[in-house]
Each structure stands twice: as C-alpha cells, then as structure tokens.
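What follows is a single structure, written as structure tokens, with notes after it.
The values are calculated or read from the model by the stated rules, or taken from the named source; none is laboratory data. The structure presented is a predicted model; accordingly, all values stated were derived computationally and were not measured. Here the Cβ positions follow ideal geometry from the backbone for every residue, glycine too, while neighbour counts run over all protein chains shown.
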C-alpha cells in the first residue's frame, strides 16, 4: 500500500468553486432537508414566542419664567425607568409590560419620549396611559405652584389699578363741581389726579410685564404632543426575518455537513 504524501492530503482538502457547486448539486437532498429543518425550527419559535407590542408618547416639558423647565428630561427619564422599567420592583414578578429607554433626539431637550412594551396592545397602551396621566398631574401641580406667586402679584396690581381708577374718577367729578367756585382746590385736585394717573400708568406697565412672564414663550405648562396609541402590529417576533434566517442557517449547516462529508470521502480514497 502506498503511503500518501502531505501534498496529497492538501489536494484532497482543497475545493474549487466548481467543485463547491458540484457538491451542492450532488447533496441537494441534504440542502433541502437543512432548509426545511431550519424553516421548521424558525416557524416553531415564531408560534411559541409571545408577540411584543410597542406604543409611544411624547411630552413637551413645560417651563416657568426665571425657574426654567418644570423637570429635566434626563432626570424624568431615569426616574420613570426606575419605577416602570424592566428591572423595577413592581416588575419583579413579570416581564411585561414595562417602560424602556428611548433615545433623546438632538435639539429637543424639552421633549420627553416614552416607549412602553407589552404582550398585548391593550396592556401596552394601558401602562403608557397611566404613566402619562400621572406625569401630567404632577407637572400640572408643579406648574401651578410655580406660577402662583406671579398670578398673585398680578391680582395685587389689578386691585391697585381698580382703586386708582375709582379715585381718579372721583377726583374728576369733584373738580367739575369746584371748577367755578374754588380755584385753589381745583388746582390741588388736578395735581393729585395727575399723580394718580402716573401711578396708574406704572401699574399698567407692571401688569403687562408680569403677564408676559406667565404666557408663552416665557412660561407654559407641560403638554402631551403625541398621546399613546393602540399598537396594531407587533414589533417582535419578526416572522419573515426569523423564518428566512432559519432557512439560511439550515442551508449553511447542511452545506457545511456536505463539505465535511466530501472531504472525508476524498481523504479516505487517498489513504486507500
């Protein structure tokens, strides 16, 4: 018996492109079986795997003049994820539904984006509805507490303006009665009325300034710019992608087995 050289083994292991196609054609039944098994495994996974739904909501965080935003987006996100995320205490017994991290888009530092994940459209939307409602109630209370001092100052200014307006009206009526009787008192009344008019003008200016502080864009409450919606289609599992991946994996695995078998047959023939 002739002992094969090392070069003989190398030649037996080497496969050209044409040889590759020849092996694939020769072992076509292996490839078909691998593709079918891969598709079957992928389809079984798709059937057994629970669907995953997602729904989104966006909230524009409000602000108050001289105090800034009602709540920073980053801190609000961290707090909500800790409370409703997949690792939160109230999620210890179940994985769904939960709130997941959403990337913050550049240039939108006042937009809070929330994404809820669940196994059914109803529970997914229900979780996000509850989170948005609680957050909006909290922000509404913070906004009211922060804007209240400015509103009180406006109320004080309004009260002073009403008093001055009433006093100026009364002085005008008194001056009309005394115009032809006592000129000195008429002059004093005119001076007083002028002072009151100056004070009233200053109060009107102060009121405009205060009013501007509590309206857009200096102050505004938080607003839901995109409310949660009921998801129609699951985001996972992606059936077509999974089945196609299973078929491809089965083909590759069966092709690898065919190559190993062919190389083994060649090596055995060389040894013999």
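A few points about this structure:
- Filter pass, residue 225 being assigned to a strand (DSSP E or B) and exposed (fewer than 14 other Cβ atoms within 10 Å of the Cβ): yes
- Among the residues of segment 15-52, those that are within 22 Å of residue 234 (Cβ to Cβ) and in a helix (DSSP H, G or I) comprise 39, 40, 41, 42, 43, 44, 45, 46, 47, 48.
Residue by residue, here is whether (1) in contact (Cβ under 8 Å) with a residue 12 or more places away in the chain; (2) surrounded by 15 or more Cβ atoms within 10 Å (Cβ to Cβ); (3) within 11 Å of the chain's Cα centre (by Cα) holds:
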| site | (1), (2), (3) |
| --- | --- |
| 98 | yes, yes, no |
| 104 | yes, no, yes |
| 109 | yes, no, no |
| 115 | yes, yes, yes |
| 121 | yes, yes, no |
| 127 | yes, yes, no |
| 130 | no, no, no |
| 135 | yes, yes, no |
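- The residue pairs whose first member lies in segment 222-234 and is at positive phi and at pLDDT 95 or above, whose second member is surrounded by 14 or more Cβ atoms within 10 Å (Cβ to Cβ) and assigned to a loop (DSSP other than H, G, I, E, B), and whose beta carbons are closer than 8 Å, counting only pairs six or more residues apart or on different chains, do not exist in this structure.
- Against the list (1) more than 30 Å from residue 239 (Cα to Cα); (2) out of contact with any helix residue (DSSP H, G or I) (no Cβ under 8 Å at 6 or more places or on another chain); (3) in a loop (DSSP other than H, G, I, E, B), the condition residue 78 fails is (3).
- Evaluated against (1) at pLDDT below 90; (2) touching a strand residue (DSSP E or B) at 6+ places or on another chain (Cβ under 8 Å), residue 87 falls short on exactly one condition, (2).
- Residue check for residue 146: farther than 22 Å from residue 236 by Cα, free of Cβ contacts under 8 Å to residues at least 12 places away in the same chain and either out of contact with any helix residue (DSSP H, G or I) (no Cβ under 6 Å at 6 or more places or on another chain) or in a helix (DSSP H, G or I) (or both): no
- Residue satisfying all of: in segment 49-66; surrounded by 12 or more Cβ atoms within 10 Å (Cβ to Cβ) and at pLDDT below 90; nearest to residue 140 (Cα to Cα) among these: 50
- Whichever residue in segment 230-243 is surrounded by 14 or more Cβ atoms within 10 Å (Cβ to Cβ) and touching a helix residue (DSSP H, G or I) at 6+ places or on another chain (Cβ under 8 Å) and, among such residues, is farthest from residue 32 (Cα to Cα): 231
- Failed criterion for residue 198 (all others in (1) touching a helix residue (DSSP H, G or I) at 6+ places or on another chain (Cβ under 7 Å); (2) part of a helix (DSSP H, G or I) hold): (1)
- So residue 245, is it assigned to a helix (DSSP H, G or I) and without any contact (Cβ under 8 Å) to a residue 24 or more places away in the chain: no
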